[in-house]
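The values are calculated or read from the model by the stated rules, or taken from the named source; none is laboratory data. Given the structure is predicted, the values throughout are model-derived calculations rather than measurements. Don't worry about glycine lacking a Cβ; one is built from the backbone with ideal geometry, like all the others, and counts go over all protein chains shown. What goes into the accessible areas is simple: the full protein's heavy atoms, side chains included, and nothing from ligands, DNA or RNA. Shrake-Rupley method; radii C 1.70, N 1.55, O 1.52, S 1.80 Å.
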Amino acid sequence: MEFLIEKADDKHMQSIYEIMCQIDKEIHDRNYFVTDDLEYVKEHISEEGFTLLAWDQSNVAGFLIVDTAGEKEGHLGYDLHWSAEKIRTSAVMNSVCILPRYRGFGLQQALLKQGEATLIAMGFSSFLATVYPSNSHSLHNFLHQGYKIGDTKLKYGGVMRHILYKTIDV
């Protein structure tokens, strides 16, 4: 199956949020995924980052929300004791969701690769993410992309997360 990856715009906001809600309803362990609200989705289409969509011929198959907001409170770089300069040049791969019928086609890794390429073109050199330790599939995808586990701690109101990072030479 072939997929197209492109940046989302405001017309995609509701679809992205609905996919998030669908994934949230379907997961058996509430710790796997923390759903963002519609305002967060809106902010990360263009204001504080960007969102990539993966499409089959006609349907959204999944998405990646990227946060480029820098030194704001809660930035994962603070958890890893990064310098202010490193935090300014880092972005957070915040949410990645693939609808169940599209899993197994490498979309999470494709979205991460495209997200990183976009960020590098914008001047970013470090990427961060969180993964629930029991989510072996997602963890494998990040590790396969060159991410490392920097710490494991409670995040997002008490949910255990690996904090992953990747730094590239520019």
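Evaluate segment 62-71: report whether one residue or more is out of contact with any Phe, Trp or Tyr (no Cβ under 9 Å at 6 or more places or on another chain) and aromatic (Phe, Trp, Tyr). Yes - at least one qualifying residue is present in segment 62-71.
Restricting attention to segment 43-55, the residues being crowded, with 17+ Cβ neighbours inside 10 Å and either closer than 13 Å to GLU6 by Cα or in contact with a helix residue (DSSP H, G or I) (Cβ under 8 Å, 6 or more places away or on another chain) (or both) number 7. Filtered by the rule that a residue be open to solvent by 60 Å² or more (accessible area, probe 1.4 Å) and either in a helix (DSSP H, G or I) or closer than 20 Å to LYS113 by Cβ (or both), segment 150-170 gives TYR165, THR167, ASP169, VAL170. Of the residues making up segment 119-144, those that are surrounded by fewer than 19 Cβ atoms within 10 Å (Cβ to Cβ) and in a helix (DSSP H, G or I) are ILE120, ALA121, SER136, HIS137, LEU139, HIS140, LEU143, HIS144.
Can you pull out every residue in segment 37-59 that is in contact with a strand residue (DSSP E or B) (Cβ under 6 Å, 6 or more places away or on another chain) and either of a type in the set (Val, Ile, Thr) or closer than 15 Å to TYR156 by Cβ (or both)? Within segment 37-59, ILE45, THR51 qualify.
Residues in segment 104-114 that are open to solvent by 40 Å² or more (accessible area, probe 1.4 Å) and touching a residue at least 24 places away in the same chain (Cβ under 8 Å): PHE105, LYS113, GLN114.
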